[in-house]
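The values are calculated or read from the model by the stated rules, or taken from the named source; none is laboratory data. Note that this is a predicted model, so its numbers are computed, not measured. Cβ coordinates were reconstructed from backbone atoms using ideal geometry, including for glycine residues, and neighbour counts include every protein chain displayed. Surface areas here come from the heavy atoms of the whole protein model, side chains and all, with no ligands, DNA or RNA. Shrake-Rupley method; radii C 1.70, N 1.55, O 1.52, S 1.80 Å.
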Amino acid sequence: MSSDLREDLVAALAGFYAGHPDAERYPMLSEVGDLLTTAEVVINEPMVLPVARLLTDVDSESDVPGVGPVLRTFAAAAPILHWVQTAEYAATLPQQFLDNYGYVRVIGPGGLVESSVVSAGLGVWGAGLHYPRHEHPAEETYHLLHGSASFQRDDGPWEPKVVGESVHHDPWEHHAQRFGNATCVLLWAWTGDVVANARLVPEKS
């Protein structure tokens, strides 16, 4: 039973990326989708974080293609998934942030599917959180699956996004997020250096 839920989640992400129109702009998505489609699922040890409770508030119905199946399988599998937080964040960010943040790596190092060339998963952030400016060596694409959020690149303007919209970050590009008045679920994908973790960038004075 448990392994079926994990396999369902991998299949849902593979279905989301398969033929996704954003792949024309961001070829990395095809690479992620192809690896998920041919993947062998690893049964890793469950580790549930407090943020998982927020999935009970998530409405899995969506008119955006591929979003509903991902949200439904994510919520169903949540209690048996291995939830994590970026180590630097866990060591430095306030407890209020940590109680309302976490993610599951579906593919990548330590994920349900092992890969050293791509990483992708699902992150959850509570309403009203501010995700501080950070960077990483991997190329990244986000897709907003639930809630609302605004994204900032470098010192540029904050750009609001709604369900179904995507955001792309180049390697080492500084970026930050602000989340709206509902639980936010983001699907993220990395290619390139997927082993190095994200790290916080000091705010400019």
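Just checking the listed ones, Leu54, Leu36, Leu71: in the Gaussian network model of the chain with Cα springs under 10 Å, the one fluctuating most is Leu54.
Kindly list the residues of the stretch 135-158 that lie in the label zone of Asp193, defined by a backbone N under 17 Å from the point 7 Å along the Cα-to-C-beta vector. So the set is 135-141.
The chymotrypsin sites (Phe, Trp or Tyr not before Pro) of the stretch 115-205 meeting both criteria, a DSSP state outside H, G, I, E and B (loop) and at most 16 other C-beta atoms within 10 angstrom of the site's C-beta, are Trp158, Trp172. Inter-part distance, the stretch 91-132 to the stretch 23-38, computed on C-alpha centroids, equals 20 Å. When you filter the GluC sites (Glu not before Pro) in the stretch 135-205 for DSSP loop state and at most 10 other Cβ atoms inside 10 Å of their Cβ, you are left with Glu203. Of the solvent-accessible surface of the stretch 60-110, computed with a 1.4 Å probe over protein heavy atoms with every protein chain present, carbon and sulfur atoms account for 57 percent. Have a look at Ala90, Ala138, Ala127 and tell me which one the Gaussian network model of the chain (Cα, springs below 10 Å) gives the largest fluctuation. Checking each option, the largest mean-square fluctuation is seen for Ala90. Each Lys and Arg Cβ is given +1 and each Asp and Glu Cβ -1; about its Cα centre, the stretch 1-155 then shows a dipole of about 300 debye. Applying the criteria of a DSSP loop state and at most 14 other Cβ atoms within 10 Å to the trypsin sites (Lys or Arg not before Pro) of the stretch 155-205 yields Lys204. Here the Karplus relation 6.51 cos²θ - 1.76 cosθ + 1.60, evaluated at θ = phi - 60°, turns the backbone of the stretch 103-113 into coupling constants of 8, 10, 8, 7, 9, x, x, x, x, 5, 10 Hz, with x for every Gly and Pro. Taking 8 Å as the Cα distance limit and 6 or more residues as the minimum spacing, I'd like the relative contact order of the stretch 120-205 as a percentage. Relative contact order, the stretch 120-205: 47 percent. The Rg/Rh ratio for the stretch 101-159 is 0.98, where Rg is the radius of gyration of the alpha carbons and Rh is the Kirkwood radius.
Give me the Kirkwood hydrodynamic radius of the stretch 64-141, using the inverse of the mean 1/r over all pairs of distinct Cα atoms, in Å to one decimal. Radius from the Kirkwood sum: 14.1 Å.
Once C-alpha pairs closer than 8 Å and six or more residues apart are averaged by separation and normalised to the residue number of the stretch 22-119, the relative contact order reads 32 percent. Counting only protein heavy atoms and a 1.4 Å probe, the chain has 44 square angstrom of accessible area per residue. Over 16 Å, how big is the tail of the calculated P(r) for the stretch 1-88, in percent of all Cα pairs? Beyond 16 Å sits 60 percent of the P(r) for the stretch 1-88.
Working from Cα pairs under 8 Å separated by at least six residues, relative contact order for the chain is 21 percent. In the chain, the DSSP-assigned H stretches of four residues or longer account for a calculated mean residue ellipticity at 222 nm of -6500 deg cm²/dmol, using -39500 (n - 2.57) per stretch and the full residue count as denominator.
Distant-in-sequence amide contacts of Met47, defined by a placed amide H-H separation under 5 Å and a gap of 5 or more residues or a different chain, comprise Leu81, His82, Trp83. When its C-alpha radius of gyration is set against 2.2 N^0.38 Å (N residues), the chain gives a value of 0.94.
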